[in-house]
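Below you'll find the structure, written out as structure tokens, and then a few comments.
Please treat every number below as a calculation from the coordinates, not as lab data. Predicted model, so just to flag it, every value in this text is computed and none were measured. Cβ placement follows ideal geometry from the backbone for every residue including glycine, while neighbour counts extend to all protein chains displayed.
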Amino acid sequence: MEKEVLEFIKQNKLILPGETIGVAVSGGVDSMSLLHFLHSNKETLDCQVVAITVDHMLRGESSLGDANFVKSWCKENGIYCHKYSVDAAKIATERRVGVEQGAREARYGVFEHLIKENIVDKIALAHHISDQAETILMHLLRGAGLNGAGGMEPIRDGVYIRPFLNIGKDDIVRYASMNYIEYVEDETNAESKYNRNFLRNVIMPQLKQRWEGVEQNLINFAESCREDNDFILSYVQHGGTIREKNFVKIPLVYFHYHSSVINRILFECLDSLNTAKDIERKHIELVKELALNDNGKKINLPNGIIVQKEYDYITLFRNERTLIAGVYPFKSGTINFGDIAEIKVRKTKDLSLPEGSLIMDANKVPKNAVWRTRKNGDKFTKFGGGTKPLRSYYIDKKIPNRVRDLIPVLAVEDEIYCIAGIEISDKVKVDNKTSLAYVVTKTDLRQH
């Protein structure tokens, strides 16, 4: 097994000289064996190895005990261990996803933190042949296309590696026995109420009895799917998509492409939001139907994702809308609207307009003006004249409905004098009589 795994690591360039590899360790036989293997071969691989164990707080003292077991084992074997506790159930509730997905997002949040802080270069995961076969079958049963049928790759996003992906469970158990590796059993692994466990405990044993080599056959099928999918992806052009941490915008014109192309663009965009898991063909079809619908229409997808038609785009974003609370008196200085935006106001006699700012005649701004968010009945006289409801102005400017409640406005009752970062009212514009002005600069703390 050792020679086979080392060759697999070399062929797929999973570990480069000088890298620090963080091994995700649950305490089970797979991850404990992977930790032992990489630590034992760190000189051969020319790398450093540390352990990462995460208590998801889902099994009370039992899950905490597993994390402490990993910590203790690492101490006895001279391996540094990063131990974390995350409230997976709370995260699942907040993000409106299942507990399994909440645990996954919490776990990967820990991994991403360690990578971002340059504490580790890569994360090693203990997936093996049986895991791969189960993943392929699960994706097929959910209605996945070629992308999902391709299964897991040896390396993902350049940082998540799977050194055991070409060896079987029996090999891992044998390795653990030969090297006297202690491990713990997660009691929930025997519960078939979870989809993965149902496949592992009920379906796969029956398939193996009926069809010899079923796992390898599924993996061979996945490799063919992956090759075909890679070929199609080589023809996909998607430079026009707008991607930020919280959302992705896809131009409507892309929905005129062949279905095989737009399907892959959608899957890739969902994956960039870390929400491609549990997405099935039926969900992709719903998004494509939405592209033909009226502006403003939206649908909900798994994992708390909302898809909305916004003028010339289809936008995918997480359901984590934040309302700005409070009313703030207008004055010089800095005002923070939660984690959404920061507004800076300064008084000046220099009437030249700095780039990215708005300027207002200081003597025209009412002394009782306040910063707040929009309300029903607000009206706005745009620069150059013409008064209309604020809602109508937002529609004219093609400002998506999902962000309109996040835009600070300067108001007196229902009269809007400034829309931060967008435009000032004609009623406060500077002219040849202006001697003193306010310069307003808005900085977005979260992309919309």
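Quick notes on this structure:
- The alpha-carbon positions of segment 169-317 define a convex hull whose volume is 182 Å³ per residue.
- Distance between the modelled labels on residue 233 and residue 426, one decimal in nanometres: 5.3 nm (7 Å Cα→Cβ projection).
- Take every DSSP beta bridge whose two residues both sit in the chain; close to 75 percent of them are antiparallel.
- Principal-axis tilt of helix 61-76 within the chain, Cα atoms, nearest 10 degrees: 70
- Pair residue 19, residue 295: separation of 7 Å Cα→Cβ label points (nm): 4.7
- Farthest positive-ward along segment 141-183 dipole, Cα basis, beta-carbon charges - from 177, 146, 164: 146
- Once the C-beta distance of residue 397 and residue 12 is scaled by a Förster radius of 41 Å, the resulting FRET efficiency is 0.25 to the nearest 0.05.
- Backbone amide hydrogens, once placed in the peptide plane, bring residue 48 within less than 5 Å of 19, 20, 21, excluding anything fewer than 5 places away on its chain.
- Chain lengthening between residue 89 and residue 244 when straightened (0.36 nm per residue, less Cα-Cα): 53.2 nm
- Sites excluded, chymotrypsin sites (Phe, Trp or Tyr not before Pro) in DSSP loops with at most 16 other C-beta within 10 Å, longest stretch of the chain: 81-179
- Cα long-axis angle, helix 214-233 against the chain (0 to 90 degrees, to the nearest 10): 30
- Loop GluC sites (Glu not before Pro), segment 70-163, which have at most 13 other Cβ atoms in a 10 Å radius of their Cβ (DSSP): 117
- Under the Karplus curve 6.51 cos²θ - 1.76 cosθ + 1.60, θ = phi - 60°, whole-Hz ³J(HN,Hα) for segment 355-361, x wherever Gly or Pro sits: 4, x, 10, 10, 10, 10, 5
- Dipole-positive endmost among 290, 437, 195 within the chain (Cβ charges, Cα centre): 437
- Using Cβ point charges alone (K and R +1, D and E -1), the dipole size of segment 198-266 about the Cα centre works out to roughly 340 debye.
- Estimated FRET transfer efficiency (residue 445, residue 212; beta-carbon r; R0 60 Å; 0.05): 0.55
- With a threshold of 22 Å on the Cα-Cα distance, the over-threshold entries among 397/433; 71/193; 245/282; 249/277 are 397/433; 71/193; 245/282.
- Relative to its residue count, segment 307-400 spans a Cα convex hull of 160 Å³ per residue.
- Rounded to the nearest 20, the Cβ-based charge dipole of segment 281-393 about its Cα centre (Lys and Arg +1, Asp and Glu -1) stands at 420 debye.
- Cα centroid separation, segment 211-247 to segment 338-409 (Å): 46
- The chain - charge dipole about Cα centre, Lys and Arg +1 at Cβ, Asp and Glu -1, debye rounded to 20: 2460
- For residue 418, the amide hydrogen comes within under 5 Å of the amide hydrogens of 410, 425, counting only partners 5 or more places away or on other chains and with H modelled in the peptide plane.
- Rounded tilt (10° steps) of 129-141 against the dominant C-alpha axis of the chain: 50
- The slack in the chain from residue 224 to residue 256, taken as 0.36 nm per residue of separation less the alpha-carbon distance, amounts to 8.8 nm.
- Approximating the spin labels as points 7 Å out from Cα along Cα→Cβ, the residue 332-to-residue 180 distance works out to 7.6 nm.
- GluC sites (Glu not before Pro) within segment 289-388, DSSP loop, no more than 10 other Cβ atoms inside 10 Å: 355
- Karplus-based coupling profile of segment 293-306, in residue order and whole Hz: 8, 6, 4, x, 5, 8, 9, 10, 10, x, 6, x, 8, 10, with θ = phi - 60° in 6.51 cos²θ - 1.76 cosθ + 1.60 and x standing for Gly or Pro.
- Counted without the sites themselves, the longest stretch of the chain free of trypsin sites (Lys or Arg not before Pro) in a DSSP loop having at most 14 other beta carbon atoms within 10 Å is 60-192.
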